[in-house]
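Remarks on the structure that follows.
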Amino acid sequence: MRARARGLTLVEFLVAGIVALTVGAGLIILVQGTYAAHATIIGQNAATANARAAVDSLADRLRGAQLDPATGAALTTASAGEVAFWDFHSQYDDTQARTLVRVRYFVAGGVLRRTVNNLPASGEAIASGVEALAFVYYRHVPGSGWATTTNAADVGAVKITATVANNGYRRTITATVQVRQKRPAH
């Protein structure tokens, strides 16, 4: 009898190669899936951050709206798609005196925009990718709580809802804010 030569036969080599290719293909699919999941999470987080930035910027300014000495109203416009209110100019330009200005937030071309005394006319960009911006206005009813209103002079609280899209991911953020100067007496 002949002694068998050491090494792999062609069949053993082919089987080992097929096993290695199968394991390698599985690892590649696993890595691709991980990267796809990572990209999805990044896109969702970016959409959430943009939506949150849009609502937070607006809510912070609206919360601090000032009362017009002539009318006692904080808001000048209270429509479903835009809001305008009084605020101190120094909040927007620290080189200016502390005078009341009209601040307006609205959406144009998918961008949340802000004007101060209607300048700039096209509005300063606050957040992009805004698909929808909606407001619901509330007035305080003593003994009953809050009721919706369409009268800008009566508004004491505003519910803000913004839907923002980023790279195909859509997020809707809602915040309700009370106007500090119009808070009900306790």
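Listed residues Arg139, Arg180, Arg170; which is open to solvent by 30 Å² or more (accessible area, probe 1.4 Å), among the basic types (Lys, Arg) and closer than 15 Å to Asp60 by Cβ?
Exactly one of Arg139, Arg180, Arg170 is open to solvent by 30 Å² or more (accessible area, probe 1.4 Å), among the basic types (Lys, Arg) and closer than 15 Å to Asp60 by Cβ, namely Arg180.
All but one of (1) within 30 Å of Tyr169 (Cβ to Cβ); (2) modelled with pLDDT under 90; (3) open to solvent by 100 Å² or more (accessible area, probe 1.4 Å) hold for Thr40; state the number of the condition that does not hold.
Result: Thr40 passes all but (3).
Could you check, for the stretch 64-80, whether at least one of its residues is out of contact with any strand residue (DSSP E or B) (no Cβ under 6 Å at 6 or more places or on another chain), without any contact (Cβ under 8 Å) to a residue 24 or more places away in the chain and assigned to a strand (DSSP E or B)?
Checked the stretch 64-80: no residue is out of contact with any strand residue (DSSP E or B) (no Cβ under 6 Å at 6 or more places or on another chain), without any contact (Cβ under 8 Å) to a residue 24 or more places away in the chain and assigned to a strand (DSSP E or B).
The values are calculated or read from the model by the stated rules, or taken from the named source; none is laboratory data. Fair warning: this is a prediction, and the values are worked out from it, not measured in the lab. Cβ coordinates were reconstructed from backbone atoms using ideal geometry, including for glycine residues, and neighbour counts include every protein chain displayed. Quick note on the areas: whole protein, heavy atoms, side chains included, nothing else; ligands and nucleic acids left out. Shrake-Rupley method; radii C 1.70, N 1.55, O 1.52, S 1.80 Å.
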